[in-house]
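Here the structure is laid out as structure tokens; the discussion comes afterwards.
Values in this text are rule-based calculations from the coordinates and carry no lab data. Since we're looking at a predicted model, the values are computed, not measured. In this analysis, Cβ positions are derived from the backbone assuming ideal geometry, glycine residues included, and neighbour counts consider all displayed protein chains.
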Ligand code: FAD
Ligand code: MLT
Ligand code: ZN
């Protein structure tokens, strides 16, 4: 037996003895859904699964693991795409799936306080019911948790309007590796009292502590959403349209999503989602605004048509039509069904001035080397965020590392980032030095060493 396995057996025995079988599952009693996240790693059963109901349960579990020097992998909704929540065979997995609930919507502070395991969609419903809007939104909203959003500093479709998750967090409660509970359920906009420590835990991907409660800032309600699917000439036109809309309808742009024709055709032909525009345009945009009525979106689009920046556009005339347009953009949820051999996923940042050229360079690279792959390009381009996913429709497996080396090489050449929003987790660890200097990595190790000196939280992830 390995040393890790011996440690794990002792830790699991202590967890069971002190917390009981309701909170601690082992062997076949661990539901297979906790064996993996959305990254394509083979399912792995952790040594034990802890299902805390309260912050005190989380604290007790971490205290026991700390005493045994046992590694712990925190799991939220398991929709992460970087393998951060994927457990190893000797890890204890700690799932927040029972810590669900909105604790408060404070209308005077415009804040919402929730337990970390609450699905993002429940936060949306609670915010809307109280006359507000939640600023964080992404395709996985039904399954991802607010704790996971905080841990990954999730981006998504409304970043150009409300910022990343980081910009939406006012306060946090976290449990450190030794079980210490640190709480700042701050609702104040201004609070310059020393280090803003909650920010350290946002985007740390569970390597510094377990997030148990979140205070989010809410935004004024969006009373109407006007949405259009546009067919355009090229990426330069997309940038011109973005800057024009920012000037013409300031503060009203909620989403600005680009879809290259390979993505549009995958969604509308392979995945069979209805196609409101033909599939032969060089680039598609899905634009969503908070304008009050259809006419107020038609007006700027008419100017863009006149200027030749826009070739064609379809406006959603009802909520149902709006949902149908978004169904095209949300096809990534279907990849696993069509790419049965798995997919190679990228979530890169590219300076906007080079985005069009970078997509062309990447497309040439793929066509030359992996012509049998279906490769789809899309992204939250107003945030300089490009997604690229490669898979094979015949179920064959692609040479992942070879493709990653080549793609990240090109991303570095354009001075991009190896992760814009999904994080490093397990899958991008080897490529982190392409985006961070040795000094930055050294500082990150210092922080990790100070807060989790035994390296017990999410071992082997990020650094
Ligand atoms: P998990 O997958 O469970 O965990 C993710 C990471 O956070 C792991 O490292 C885990 O250890 C850690 N973690 C989870 N909960 C906690 C906690 N309470 N305390 C400490 N650490 C924790 N991401 C985007 O940024 N933008 C998108 O547009 C987007 N769209 C997506 C669409 C689909 C269809 C899918 C499947 C995923 C998408 N994602 C997107 C990725 C994913 O949804 C986000 O990263 C999300 O924030 C993860 O939340 P989760 O609760 O599922 O976390
Ligand atoms: C998205 O924007 O759809 C996501 O980040 C998910 C993905 O690209 O797979
Ligand atoms: Zn995304």
inquiry  = Could you tell me how far the Cα centroid of region 155-198 sits from the Cα centroid of region 321-371, in Å?
reply    = 31
message = At 7 Å along Cα-to-Cβ for each site, give me the label-to-label distance between residue 160 and residue 43 in nm.
response = 4.0
Relative contact order (percent, whole number), region 281-411, Cα cutoff 8 Å, 6+ residue spacing = 25
message = For the chain, what does the relative contact order come out to in percent, with C-alpha contacts under 8 Å and a separation of six or more?
response = 15
inquiry  = Between residue 352 and residue 305, what is 0.36 nm times their sequence separation minus the Cα-Cα distance? Round to one decimal in nm.
reply    = 14.6 nm
Length added when fully stretched, residue 269-residue 402, from 0.36 nm per residue minus Cα-Cα = 45.0 nm
ask   = If packing is taken as the mean number of other Cβ atoms within 10 Å per residue, what is the order of 79-85, 115-121, 137-143, highest first?
value = 79-85, 115-121, 137-143
task = Could you pull out which residues in region 328-370 have an amide N less than 20 Å from a spot 7 Å beyond the Cα of residue 143, following the Cα-Cβ vector?
result = 328-347
request  = Would you mind computing the Rg to Rh ratio of the chain from its alpha-carbon coordinates, Kirkwood style for Rh?
outcome  = 0.98
ask   = residue 192 to residue 243: FRET efficiency via 1/(1 + (r/R0)^6), r the Cβ-Cβ distance, R0 30 Å, to the nearest 0.05?
value = 0.30
query = In nm, to one decimal, how far is the modelled label at residue 222 from the one at residue 183, with both set 7 Å along Cα→Cβ?
reply = 3.4
remark   = Output row, site residue 104, 7 Å Cα→C-beta label point, backbone N cut-off 20 Å, window region 205-241, residues 211-220
note = Most packed first (mean Cβ within 10 Å per residue), the peptides 201-210, 391-400 order as 201-210, 391-400
inquiry  = Roughly how far apart, in whole Å, are the Cα centres of region 241-316 and region 1-65?
reply    = 47
note = Expressed in nanometres to one decimal, the distance between label points 7 Å along Cα→Cβ at residue 364 and residue 28 is 5.8
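For region 1-101, what class follows from the C-alpha gyration tensor (a ≥ b ≥ c being the square roots of its eigenvalues): rounded when a/c is under 1.5, otherwise prolate if a/b is larger than b/c, else oblate?
Oblate shape, in that a/c is at least 1.5 and b/c is the bigger or equal ratio.
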ask   = Order of 309-315, 38-44, 339-345, 434-440 by packing, highest average Cβ count within 10 Å first?
value = 339-345, 309-315, 38-44, 434-440
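Relative contact order of region 100-245, please, whole-number percent, based on alpha carbon pairs below 8 angstrom and at least 6 residues apart.
About 27 percent, as a whole number.
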